[in-house]
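The structure under discussion appears below in the form of structure tokens.
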Amino acid sequence: MRLSDIGEFGLIARFAPRFLERLPAGTVGIGDDCAVLPWTKDRRLLVTTDMLVEGVHFLRAAIPARDLGYKSLAVNLSDIAAMGGRLTAAFLSLGIPACVEVEWLDAFFRGIRDLAAAENVPLLGGDTTKSPGPLVINLAVLGAARRGRIKFRSGARPGDAVVVTGSLGDSAAGLRVVLEKRPRGRDEAALVRRHNRPRPHIPEGAWLAGRKAVTAMMDVSDGIDSDLRRIMERSDCGAAVNLDALPLSALLRRTARRYGWDERELAAAGGEDYCLLATVRRDASAETAAAFERAFGRPLVRIGTITAAGDGLRYFAGGRPAALRRRGFDHFTSKV
Ligand code: ADP
Ligand code: MG
């Protein structure tokens, strides 16, 4: 059997159940953005790890070393945000091909420092080895959250509103600028920056985790088309998404128009936005959105509704059923 037959998530589903048996009390294992461990009486430890592989997650020639350092940490911090945690510590492991120059690594660590300092998360250790192939970057990040103030992917219920904390598609458009070698005008450069230096939504995650009406949460790493399916699986439900409601930045709209790109497809299936995707109880969704806007000065955007199990993920546009041509990212089934 080939990996492409089952995909990244099919593979995880094959081995995960055996490692979910007999976990100690208070421990949550494989299946969410972070694992959860008991820590103090009323605090829980959150643990996440994410790897970036040259040629898969980045092209070394196409991203400045400093941005790559920043992004490597950002994508890991985003998983702590997704559970509603505060940041505690980071660990960095590198597999480095011999051809990489020390000056490149100095810049890479400056990027790690930029975000570590801004988010006040100390780098406490890691590992360094030679790599006979690509550059491999792995981070592990620890976070903390109050017991009962952690959101999982598993709490969504039919009728809940599906919301996102930021605009979708900028990062995917930035990647497309890079891959298609588009001239870097001001808009293109801004989109590439959105791709290279994503902001993890730590305050938004902590805020949403503090609201009882929020039933499930995760971060947008593979595109809502893939990520919302993770919530559907864990919560045993379906979802309906209104493509007309996807929050698109003016930057994305202008650039998509310039190059004839399908902006909705970039927004739904592109990925690497690293904002948060959450579900909110229907009766409290308007009040939650209003309070979010007061707290952050930006909207909490409703993009759809959780539906019954078996409905699958359905898209609508102009009030009619619609389809995406491209699926969200999967390591073993996606072509790009
Ligand atoms: P994320 O994108 O938020 O990091 P994923 O959707 O990639 O999470 O992973 C789903 C779940 O599977 C997570 O709980 C993750 O920790 C777990 N997981 C992924 N790969 C492995 C692995 N090789 N061994 C153990 N757990 C894994
Ligand atoms: Mg995640």
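The values are calculated or read from the model by the stated rules, or taken from the named source; none is laboratory data. Since we're looking at a predicted model, the values are computed, not measured. Note: ideal-geometry Cβ built from the backbone for every residue, glycine included; neighbour counts use all protein chains shown.
Does G133 meet the test of being assigned to a loop (DSSP other than H, G, I, E, B), closer than 19 Å to T288 by Cβ, touching a residue at least 24 places away in the same chain (Cβ under 8 Å) and small (G, A, S)?
no
Within the group A250, A268, which residue is crowded, with 20+ Cβ neighbours inside 10 Å, farther than 18 Å from G210 by Cα and not charged (D, E, K, R)?
Testing whether each residue is crowded, with 20+ Cβ neighbours inside 10 Å, farther than 18 Å from G210 by Cα and not charged (D, E, K, R) leaves just A268.
One line per residue, one yes/no per condition, for (1) surrounded by 13 or more Cβ atoms within 10 Å (Cβ to Cβ); (2) part of a helix (DSSP H, G or I); (3) at negative phi; (4) basic (K, R):
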site: D5; (1), (2), (3), (4): no, yes, yes, no
site: E8; (1), (2), (3), (4): yes, yes, yes, no
site: L11; (1), (2), (3), (4): yes, yes, yes, no
site: E21; (1), (2), (3), (4): no, no, yes, no
site: L37; (1), (2), (3), (4): yes, no, yes, no
site: G69; (1), (2), (3), (4): yes, yes, yes, no
site: A81; (1), (2), (3), (4): yes, yes, yes, no
site: A89; (1), (2), (3), (4): yes, no, yes, no
site: G95; (1), (2), (3), (4): yes, no, yes, no
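Does G126 satisfy the criteria of being on the phi > 0 side of the Ramachandran plot, touching a Phe, Trp or Tyr at 6+ places or on another chain (Cβ under 8 Å) and not assigned by TED's automatic domain parsing to the domain that holds P299?
Yes: the conditions hold for G126.
Within segment 174-189, is there a residue that is within 16 Å of ligand 1 (Cβ to nearest atom) and outside the structural domain of M83 (by TED's automatic domain parsing)?
no
Would you pick out the residues in segment 29-41 that are within 16 Å of ligand 1 (Cβ to nearest atom) and out of contact with any Ser or Thr (no Cβ under 7 Å at 6 or more places or on another chain)?
Those that are within 16 Å of ligand 1 (Cβ to nearest atom) and out of contact with any Ser or Thr (no Cβ under 7 Å at 6 or more places or on another chain): G29, I30, G31, D32, A35.
Are any residues in segment 231-247 surrounded by 22 or more Cβ atoms within 10 Å (Cβ to Cβ) and within 16 Å of ligand 1 (Cβ to nearest atom), and if so, which ones?
I231, S235
Each row is one residue, and each column tells you yes or no for (1) touching a strand residue (DSSP E or B) at 6+ places or on another chain (Cβ under 8 Å); (2) small (G, A, S); (3) under 28 Å from S131 (Cα atoms).
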site: I30; (1), (2), (3): no, no, yes
site: D33; (1), (2), (3): yes, no, yes
site: M51; (1), (2), (3): yes, no, yes
site: A65; (1), (2), (3): no, yes, yes
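Confirm whether S249 is small (G, A, S), within 13 Å of ligand 2 (Cβ to nearest atom) and either farther than 13 Å from R157 by Cβ or modelled with pLDDT under 95 (or both).
no
This table checks each residue for (1) assigned to a loop (DSSP other than H, G, I, E, B); (2) surrounded by 17 or more Cβ atoms within 10 Å (Cβ to Cβ).
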{"residue": "T288", "(1), (2)": "no, yes"}
{"residue": "E293", "(1), (2)": "no, no"}
{"residue": "P299", "(1), (2)": "yes, no"}
{"residue": "R302", "(1), (2)": "no, yes"}
{"residue": "I306", "(1), (2)": "no, yes"}
{"residue": "R314", "(1), (2)": "no, no"}
{"residue": "G328", "(1), (2)": "yes, yes"}
{"residue": "T333", "(1), (2)": "yes, no"}
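In this structure, does A61 turn out to be more than 16 Å from ligand 2 (Cβ to nearest atom) and either aromatic (F, W, Y) or not assigned by TED's automatic domain parsing to the domain that holds G304 (or both)?
When the stated conditions are applied, A61 passes them.
Looking only at segment 179-198, which residues are of a type outside the set (A, V, I, L, M, F, W, C) and within 21 Å of V56 (Cα to Cα)?
E180, K181, R182, R193, R194, H195, N196, R197, P198
Among the residues of segment 136-148, is any closer than 17 Å to A209 by Cα and modelled with pLDDT under 95?
yes
One residue is enough: does segment 42-55 have a residue meeting the conditions within 20 Å of M217 (Cβ to Cβ), more than 16 Å from ligand 1 (Cβ to nearest atom) and surrounded by 13 or more Cβ atoms within 10 Å (Cβ to Cβ)?
Scanning segment 42-55 turns up at least one residue that is within 20 Å of M217 (Cβ to Cβ), more than 16 Å from ligand 1 (Cβ to nearest atom) and surrounded by 13 or more Cβ atoms within 10 Å (Cβ to Cβ).
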